[in-house]
1. Of everything in the stretch 50-87, what is among the charged types (D, E, K, R), without any contact (Cβ under 8 Å) to a residue 24 or more places away in the chain and within 26 Å of Lys144 (Cα to Cα)? Give them in sequence order.
2. Taking Leu145, is it assigned to a loop (DSSP other than H, G, I, E, B), hydrophobic (A, V, I, L, M, F, W, C) and touching a strand residue (DSSP E or B) at 6+ places or on another chain (Cβ under 7 Å)?
3. Out of Gly90, Gly124, report the one residue that is in contact with a strand residue (DSSP E or B) (Cβ under 9 Å, 6 or more places away or on another chain), touching a residue at least 24 places away in the same chain (Cβ under 8 Å) and surrounded by fewer than 17 Cβ atoms within 10 Å (Cβ to Cβ).
4. What are the residues in the stretch 126-142 that are under 22 Å from Arg88 (Cβ atoms) and in a loop (DSSP other than H, G, I, E, B), if any?
5. Criterion first (touching a Gly at 6+ places or on another chain (Cβ under 6 Å) and among the charged types (D, E, K, R)) does Arg183 satisfy it?
6. Among the residues that make up the stretch 107-125, is at least one of them among the basic types (Lys, Arg), under 14 Å from the mean Cα position of the chain (by Cα) and either part of a strand (DSSP E or B) or under 22 Å from Phe61 (Cβ atoms) (or both)?
7. Going through the stretch 62-74 one residue at a time, which ones are surrounded by fewer than 19 Cβ atoms within 10 Å (Cβ to Cβ) and either part of a strand (DSSP E or B) or modelled with pLDDT of 95 or more (or both)?
8. Among the residues of the stretch 113-120, are any within 19 Å of Ile16 (Cβ to Cβ), in contact with a helix residue (DSSP H, G or I) (Cβ under 7 Å, 6 or more places away or on another chain), surrounded by 17 or more Cβ atoms within 10 Å (Cβ to Cβ) and not small (Gly, Ala, Ser)?
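The values are calculated or read from the model by the stated rules, or taken from the named source; none is laboratory data. Since this is a predicted model, take the numbers as computed values, not measurements. Heads up, the Cβs are rebuilt from the backbone with ideal geometry, glycines too, and the neighbour counts pull from every protein chain shown.
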Amino acid sequence: MRDSDVNLAELIGSRICHDLISPIGAITNGLELLEMVGAVQGPEMELISGSVGSAGARIRFFRVAFGSAGDQPLGRAEVTALLKDVERAGRVRVNWHLTEAVPRNQVKLAFLALMCCESAMPFGGEVTIDHAGESWTITGSADKLNVDNDLWKSLPSGHFAKPVTPSQVQFALLPENATAMGRRVAAETTSTRVTIRF
């Protein structure tokens, strides 16, 4: 994949997320108004409200992970609020162990690494994101992991034996984006833990 391909993919990601976040926000506002007037109540309303909330959280997450990212800082409060919203929609608990603001393009790499870890945890688990100096460590742990060994072995190089599927796109994007930032990806797996460093 060339740098121009990565940039194009980022622009497409940004455009899709930008165009979807507004109507989802409007639906959320409409649901809040319906709740205020008591027009609709019950499990059906809870299902719709929960689904819209999950969709909005994932799109905001994808906007960082797949969209274009510069070096403007993202603060702890903004990132942890976003991760808490995403957590509610999934089975993985995320620990963001950073207190300071960090550049958005580095958060993008961390989110892509988080997605790689999530893919190995279909039954849920915990992901911890640490940053020391210039180095990042993203660790996923669970009692049961489902690790695709070919993907994880090829993650550092970004050269995969089989074509990457849409659900695995983060494995292709992480090394490409890391290389563009002058970083190298390292990955380790055990029976209960996966670790990505860059």
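1. Scanning the stretch 50-87 gives Lys84, Glu87.
2. Numbers: assigned to a loop (DSSP other than H, G, I, E, B): yes; hydrophobic (A, V, I, L, M, F, W, C): yes; touching a strand residue (DSSP E or B) at 6+ places or on another chain (Cβ under 7 Å): yes.
Judged against the criteria, Leu145 is a match.
3. On the way: Gly90 fails: in contact with a strand residue (DSSP E or B) (Cβ under 9 Å, 6 or more places away or on another chain).
Going through Gly90, Gly124 in turn, the sole match is Gly124.
4. Selection gives Ala142 alone.
5. Working: touching a Gly at 6+ places or on another chain (Cβ under 6 Å): no; among the charged types (D, E, K, R): yes.
Judged against the criteria, Arg183 is not a match.
6. Residues of the stretch 107-125 among the basic types (Lys, Arg): 108.
Right, trim to under 14 Å from the mean Cα position of the chain (by Cα) and you get 108.
Filter once more, so that each one left must be either part of a strand (DSSP E or B) or under 22 Å from Phe61 (Cβ atoms) (or both): 108.
Looking through the stretch 107-125, at least one residue is among the basic types (Lys, Arg), under 14 Å from the mean Cα position of the chain (by Cα) and either part of a strand (DSSP E or B) or under 22 Å from Phe61 (Cβ atoms) (or both).
7. Of the stretch 62-74, the ones surrounded by fewer than 19 Cβ atoms within 10 Å (Cβ to Cβ) are 68, 70-73.
Selection gives Pro73 alone.
8. Going residue by residue through the stretch 113-120, those that are within 19 Å of Ile16 (Cβ to Cβ) are 115.
Then keep just the ones that are in contact with a helix residue (DSSP H, G or I) (Cβ under 7 Å, 6 or more places away or on another chain); that gives 115.
So of that shortlist, the ones also surrounded by 17 or more Cβ atoms within 10 Å (Cβ to Cβ) come out as 115.
Filter once more, so that each one left must be not small (Gly, Ala, Ser): 115.
Scanning the stretch 113-120 turns up at least one residue that is within 19 Å of Ile16 (Cβ to Cβ), in contact with a helix residue (DSSP H, G or I) (Cβ under 7 Å, 6 or more places away or on another chain), surrounded by 17 or more Cβ atoms within 10 Å (Cβ to Cβ) and not small (Gly, Ala, Ser).
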